[in-house]
Amino acid sequence: MAALPAGLVATSGQPVRSTCPYCGVGCGVLVTPQADGRATVVGDPQHPANFGRLCSKGAALGETLGPADRLTTPRIGDRPVDWQQAIGAVAKGFSDTIARHGPDAVALYVSGQLLTEDYYVANKFAKGFLGTANIDTNSRLCMSSAVAAHQRAFGADLVPCIYDDLEEADLIVLVGSNAAWCHPVLYQRLMAAREQRGSKLVVIDPRLTPTAEQADLHLPLAPGSDVLLFNGLLAYLVREGAVDFDYLERHTEGFAETIRAAQREASSIPKAAAGCGLPEALLADFYRLFARTAKVVTAFSQGVNQSSAGTDKGSAIINCHLLTGRIGKPGAGPFSLTGQPNAMGGREVGGLANQLAAHLRLEAPEDRALVRSFWHSPHLPSAPGLKAVSLFDAVADGRVKALWIIATNPVVSLPDADRVRAALARCELVVVSDMTETDTTAVADIVLPAASWGEREGTVTNSERRISRQRAFQPPPGQARPDWWIISEVAAAMGHGEAFAYDGPAAIFVEHATLSGHAAAGRKAFDLAGLAQLDEAGYETLEPIRWPVRADGGAGERLFTDGHFQTPSGRARLVPVQYRPPAHAPDAKYPLVLNTGRIRDQWHTMTRTGRVARLSHHLPEPFAELHPADAARAGVRQGELVRLCSPWGSMQARARLSAGQRPGSVFVPMHWSEQIARQARVGALVNPAVDPTSGEPEFKHTPVRLERYAVRWQGFALARERLAQIAPWQVKVRYQDCWRYELAGDVAVGEWSAPARTLLGAQPDDDWLEYEDRAGGSYRAALLRADRLIGCLFVSADDRLPDREWLSGLFATAELDTAARMNLLAGRPAGTQTPVGEIICACFQVGRNTLLEAITSQSLTSPAEIGEALQAGTNCGSCVPELKRLIAEAKA
Ligand code: SF4
């Protein structure tokens, strides 16, 4: 078994330059490790993605570190084993399965969280040595429609824009993108530029998101109608003569049929407006603005991609830019914003089931021959493998019998997630590599502990094609190892040691760069030939660099400036597209449309951000955002618990009423797992329909029914240690010095004292304070040990419960003083102190009530004035849209 290379941990005493592991903005960070195992993390002023800025998630990275909850030992079943045994078991399981059933009976399901080096090795292992194209990635779930649209239009998966374009544009159109929460630093950059140059912002989104609130125009289109809206724009541009015919003639093909298709479908503004459910005047304003502005960037994200028509939506957007020649120029172009930190890197190495490495084509014999000879691989599949949803279908019906899941949590994140869990439970061999226990490790046969951010070395590529280093600054805990090492060891155990004899990630990166150079032959955009000679020192000190990186030293050039594309003809293709309704329409039984997405302070399934107290306060519970009219129809009030049911599954969540929600639609965040909340995995509801071209699932459009979840009691517990499951509704929230549990049940509990003592772990010598009003359904108890608060429980028949903030603060004190002890069961200090309310500013923990009070009493009129008064919004700036909303609310 190969040893890990030395030098994984920087020891210079200087801050370590690395990259944030969350979203596709790819912000640079400076990390200073602390003696207690944590680290101080600040934005890297030199990094061209963020110039020193960080959002709330990036700013809290240092608090995600530490060995608590980490997987540290390989295990087979429940049995801890050493690496040799674990590697041997995985290799034997895969070898035996291939011998009995052929290579397509095995599969890998990987992640946009992987570093490029890990991704490269995983793809080489699957396609080159297992002999199957059954390797897909969770990036399938977020941007594969954009990839397919790029390939159709440009002949390759090439993103035309760079971040500077957002600052140089006079009009920015954000489609299906809540950038203020999902790409916060990029959003701050574009808002700063808007302030300076007066550019306009248009947001196209069914929901009034924090991003849409700041827009000059918000178009709350009917869910799924984007193709119609952009076909309408295309037809309008033709009618208004805003067409660059010279560009069309010289650099494109397919424009005549594309124009005809758009005109057929959306021949007038009234027709397009009716189809999109928008006021005609509003749509006309947008069309006019687009037609009259030369420098337009249309940035799109999951709201476009996560659809059964996602590829067509991407094409409809790209068509409008090609029609006007607004591409390959500063401040103009269609711009896919990737969700994950290394979605782009995964695409470079061919991490999707229908790709080969280095932007080569699986279906092209000459491309396969190049890769096969470069890898010296015994065989290479000639047909695409199974895309994510189909892959899990194949697990469910037994075609795939051995599956290795790396750095992702499909039991939470895939559509029809209960079926995914059941499929994995039946699968003959499920191997999971991850950093913590997840809902997916719970159904694994073999679990492998992986190194995580700060412990591993490699590169990631952000949304603008910029490659940045992630650098290690601490060793992995226990026996955790980097993914490239684990995969290479399994490959070696299966007899392929020579092809995977890497002595570190630098060697892998150089191999990847060399292959890209062969594939590009100086003619293609994805080209890292200029990095193929890097030595260890060069890799260690690699500065952020945008590809292409040519052998002659040229780097980061703007794409398509010469109007040349990577299609066989060299011309970009306009693709005629037609509106198709979402796969499943609402009906009488499921009358609402479920839309899923992200919230400001959490990332994916919360395996990392869920460990940080200050990120847990903003939106601590799974929630369903409802339009007040829909809520009223279901008899649901603000803050009540609701049940959402779809034909595929059900979940429970807290109702949040918002007039910004489109009537008939429900928004639910994607983050909560069974590890954190019971019955709150929204993936269980999501329909498994996919885009026929990209295979991307339709996360934005599932018919659902809303019901009031009639609880008999509700309450919360605060405790120093984690508590057992006791309630049908139970949500765990990380606080600074304790855990908070929100609880509710639909069966009355006759007597609370005994279960409360058991829950909080009361010992005979402990102090037990208790208050009960059986008639009123109220119960309160607190457990103290040597005057130290160990836990407390508050239960009520309704939602009249004390604020959690004051009580949670008592866990910071070693001994409760008399006053605190006396007020403990009241749940608040004596006097009339107002609770701070829901935390809005995560950096300085400033609550909604505090903000509203200050805005009113001090007549504050801008986020800057709030910042001066309370510091809120002055660090990462992620809460600025909400501060603006509170100012408006206070004024109203
Ligand atoms: Fe990380 Fe935030 Fe930057 Fe995204 S915007 S890379 S989450 S700091």
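The values are calculated or read from the model by the stated rules, or taken from the named source; none is laboratory data. Please read all numbers here as calculations on a predicted model, not as lab measurements. For neighbour counting, all protein chains shown are included, and Cβ atoms are generated from backbone atoms with ideal geometry for every residue, glycine included.
Of all residues in region 733-789, those being touching a residue at least 40 places away in the same chain (Cβ under 8 Å) and within 29 Å of Thr605 (Cβ to Cβ) number 13. Checking each residue in region 436-463 for being surrounded by fewer than 24 Cβ atoms within 10 Å (Cβ to Cβ) and more than 24 Å from Leu542 (Cβ to Cβ) picks out Thr436, Glu437, Asp439, Thr441, Ala442, Val443, Asp445, Ile446.
Yes or no: Gln196 away from the ligand (no atom under 16 Å from the Cβ), closer than 30 Å to Ser267 by Cα, without any contact (Cβ under 8 Å) to a residue 12 or more places away in the chain and not hydrophobic (A, V, I, L, M, F, W, C)? Spelling it out, it is not the case that Gln196 is away from the ligand (no atom under 16 Å from the Cβ), closer than 30 Å to Ser267 by Cα, without any contact (Cβ under 8 Å) to a residue 12 or more places away in the chain and not hydrophobic (A, V, I, L, M, F, W, C). Sub-8 Å Cβ pairs linking a first residue in region 61-78 that is over 17 Å from Ala613 (Cα atoms) to a second residue that is away from the ligand (no atom under 16 Å from the Cβ) and assigned to a helix (DSSP H, G or I), at least 6 apart or interchain, are Leu71/Thr441; Pro74/Trp83; Pro74/Gln85; Pro74/Ala86; Arg75/Ala86; Ile76/Gln85; Ile76/Ala86; Ile76/Ala89, ordered by first then second residue.
Checking each residue of region 344-363 against the condition of being buried (at least 23 other Cβ atoms within 10 Å of the Cβ), out of contact with any Phe, Trp or Tyr (no Cβ under 6 Å at 6 or more places or on another chain), closer than 22 Å to Asn178 by Cβ and of a type outside the set (A, V, I, L, M, F, W, C) gives no match. For the structure I just gave you, tell me whether Leu783 is under 18 Å from Lys732 (Cα atoms) and not in a loop (DSSP other than H, G, I, E, B). Criteria not met by Leu783. Of everything listed in (1) assigned to a strand (DSSP E or B); (2) crowded, with 21+ Cβ neighbours inside 10 Å, the single unmet condition for Glu707 is (2). Taking the listed residues Val25, Val81, the one that is touching a Pro at 6+ places or on another chain (Cβ under 9 Å), modelled with pLDDT of 95 or more, within 16 Å of the ligand (Cβ to nearest atom) and among the aliphatic types (A, V, I, L, M) is Val25, with no other qualifying.
Out of all the residues in region 415-432, is one or more outside any loop (DSSP other than H, G, I, E, B) and closer than 17 Å to Thr19 by Cβ? No, because not a single residue in region 415-432 is outside any loop (DSSP other than H, G, I, E, B) and closer than 17 Å to Thr19 by Cβ.
If Leu115 satisfies every condition in (1) modelled with pLDDT of 95 or more; (2) within 16 Å of the ligand (Cβ to nearest atom); (3) farther than 29 Å from Ser144 by Cα but one, which is the exception? Among (1) modelled with pLDDT of 95 or more; (2) within 16 Å of the ligand (Cβ to nearest atom); (3) farther than 29 Å from Ser144 by Cα, the lone unmet condition for Leu115 is (3). I'd like to know if region 828-847 contains one or more residues that are aromatic (Phe, Trp, Tyr) and within 23 Å of Arg600 (Cα to Cα). Checked region 828-847: at least one residue is aromatic (Phe, Trp, Tyr) and within 23 Å of Arg600 (Cα to Cα). Residue count for region 436-470, restricted to those that are part of a loop (DSSP other than H, G, I, E, B), under 24 Å from Leu534 (Cα atoms) and of a type in the set (Ser, Thr, Tyr): 1. Every test in (1) of a type outside the set (Ser, Thr, Tyr); (2) more than 16 Å from the ligand (Cβ to nearest atom); (3) crowded, with 22+ Cβ neighbours inside 10 Å is passed by Arg75 save one, and that test is (3). Among the conditions (1) away from the ligand (no atom under 16 Å from the Cβ); (2) in contact (Cβ under 8 Å) with a residue 12 or more places away in the chain, the only one that Glu557 does not satisfy is (2). Only one of the numbered conditions (1) buried (at least 20 other Cβ atoms within 10 Å of the Cβ); (2) more than 24 Å from the chain's Cα centre (by Cα) is not met by Leu386, and that is (2). Among all residues of region 323-334, there is none that is within 20 Å of the chain's Cα centre (by Cα) and either within 23 Å of Thr408 (Cα to Cα) or of a type outside the set (Phe, Trp, Tyr) (or both). Residues in region 276-289 that are buried (at least 20 other Cβ atoms within 10 Å of the Cβ) and touching a helix residue (DSSP H, G or I) at 6+ places or on another chain (Cβ under 6 Å) were compared, and the one that is farthest from Phe699 (Cα to Cα) is Tyr287. Taking into account only those residues within region 28-70 that are in a strand (DSSP E or B) and under 22 Å from the mean Cα position of the chain (by Cα), which is farthest from the ligand (Cβ to nearest atom)? Per the stated criteria, the residue is Arg70.
Mind listing whichever residues of region 607-646 are part of a loop (DSSP other than H, G, I, E, B) and touching a helix residue (DSSP H, G or I) at 6+ places or on another chain (Cβ under 9 Å)?
Here is the first cut: in region 607-646, the residues part of a loop (DSSP other than H, G, I, E, B) are 607-608, 612, 617-622, 627, 634-640, 646.
Matches in region 607-646: Arg608, Val612, His617, His618, Pro620, Pro622, Val636, Arg637, Gln638, Glu640, Ser646.
Just checking, does region 129-147 include any residue being closer than 30 Å to Val880 by Cβ, over 23 Å from the mean Cα position of the chain (by Cα), outside any loop (DSSP other than H, G, I, E, B) and within 16 Å of the ligand (Cβ to nearest atom)? Within region 129-147, none of the residues are closer than 30 Å to Val880 by Cβ, over 23 Å from the mean Cα position of the chain (by Cα), outside any loop (DSSP other than H, G, I, E, B) and within 16 Å of the ligand (Cβ to nearest atom).
Please indicate, with yes or no, whether at least one residue in region 90-98 is within 30 Å of Ile318 (Cα to Cα), buried (at least 24 other Cβ atoms within 10 Å of the Cβ), in contact (Cβ under 8 Å) with a residue 24 or more places away in the chain and not acidic (Asp, Glu). Checked region 90-98: no residue is within 30 Å of Ile318 (Cα to Cα), buried (at least 24 other Cβ atoms within 10 Å of the Cβ), in contact (Cβ under 8 Å) with a residue 24 or more places away in the chain and not acidic (Asp, Glu).
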